[in-house]
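A quick write-up on the structure given underneath.
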Amino acid sequence: MALNRAQTSAVSVVLTDVSASVVAAWRAAFADTPGIEIRKGSILDTKADAWVSPTNSRGRMDGGTDAAVKRYLGAGIQLRVQRAIRDGFGGSLPVGSAVCVPTGAVHPRFLISTPTMEGSSENVSETLNVALACAAAFQAIHRQNAEAPGSITSVALVGMGARTGRVPARVCANLMWTGWTLFDEHAFTDYDDLRATITAQLDDLTAAPETERVRVDPARRTGARR
C-alpha cells in the first residue's frame, strides 16, 4: 500500500503517564520537538482520536495500560485486537508491528495495539523494543490515514515499556523520541521495512549513552546521532 505523506502529517501527539519520572524524561527528550503535548495523568482521561496501548504479541490485555484500557472500553476490545492480529499476522504480532482497530467509542475512536514484548510481564529493559513499538504505532496511524484520510488527527501514548517492561524512564523517553522522528519524517510501505530500517542501525542505538537520543535515518544503513 502506498502511503501519501501529505495525508498523514497533521497529527497532534499527547504523551501522558501517571509516572512523574516518565513525564520528566519526556520533557528532556522532547524539549526541542514542536507539536508534542506532555502531561502527567492517565491516558483514560485523554480525549484523542486514537490511544496507543503497549501489548504483547498475542494481544492479551491482561496487564498495565492494556488492562486499564480493556476495563474502560469493555472486554470486546480485546476480541477486536486479537481478531486483527489473527487476520493480519496469523495470530502473533511481531515486535515492530501494530494493529489499529475501531473502538465504537467517541474517545478514542481507534485503539492502536503494538507489542513491547512477546509474552506478558517480560523485562525488555535491555532491548530496543520500545523504539520498534513506538515507530510501529505511528506507522499504524500513517496506514489508517492513508485508507481514510483525516480519521486520526490526534493520538495519546503512555510511557511504553516503562512499567511492565521495566525500561528506565530516560531510556524509554529517548527510544520513543527515536520512534517519533521516523513518523515525523517518513512513511514506510510495510512493517517489515520499518523493522529492517531500525535493526540495521542497532549499533548506533545500543552504543549511545542513556542521555543521548539517536535519530534513525531511513535513507541509509547507519544511524546518525543528534
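Assorted remarks:
- Count of region 104-125 residues which are surrounded by fewer than 20 Cβ atoms within 10 Å (Cβ to Cβ) and at negative phi: 10
- First in region 81-105 and in contact (Cβ under 8 Å) with a residue 40 or more places away in the chain and farther than 22 Å from residue 200 by Cβ, second anywhere and of a type in the set (A, V, I, L, M) and in a helix (DSSP H, G or I), Cβ under 6 Å, 6 or more apart: 99/84; 99/85; 100/140
- Residues located in region 181-207, provided they are within 15 Å of the chain's Cα centre (by Cα), of a type in the set (A, V, I, L, M, F, W, C) and at pLDDT below 90: 182, 183, 187, 188, 198
- Filtering region 161-189 to residues that are within 14 Å of residue 124 (Cα to Cα) and among the β-branched types (Val, Ile, Thr) leaves 164, 167, 171.
- Exactly one residue among 52, 99, 106 is closer than 24 Å to residue 19 by Cβ and β-branched (Val, Ile, Thr), and that residue is 52.
- The set of residues in region 81-101 that are in contact with a strand residue (DSSP E or B) (Cβ under 6 Å, 6 or more places away or on another chain) and not in a helix (DSSP H, G or I) comprises 93, 95, 98, 99, 100, 101.
- Checked against (1) more than 18 Å from residue 180 (Cβ to Cβ); (2) under 11 Å from the mean Cα position of the chain (by Cα), residue 159 passes all but a single condition, namely (1).
- Taking region 135-149 as the range and being in contact (Cβ under 8 Å) with a residue 40 or more places away in the chain and in a loop (DSSP other than H, G, I, E, B) as the test, only 149 passes.
- In the set 55, 33, only one residue is crowded, with 20+ Cβ neighbours inside 10 Å and not basic (Lys, Arg); that residue is 55.
- Taken over region 106-134, the criterion of being closer than 19 Å to residue 57 by Cβ, touching a residue at least 40 places away in the same chain (Cβ under 8 Å) and not in a loop (DSSP other than H, G, I, E, B) is satisfied by 111, 112, 113, 114, 115, 116, 117, 130, 131, 132, 133, 134.
- Remark: pairs (first residue in region 165-183, under 16 Å from residue 216 (Cβ atoms); second residue among the acidic types (Asp, Glu); Cβ separation under 7 Å; 6+ apart in sequence or on different chains) = 171/210.
The values are calculated or read from the model by the stated rules, or taken from the named source; none is laboratory data. It should be emphasised that the depicted structure is a prediction, and the values quoted were computed from it without experimental measurement. In this analysis, Cβ positions are derived from the backbone assuming ideal geometry, glycine residues included, and neighbour counts consider all displayed protein chains.
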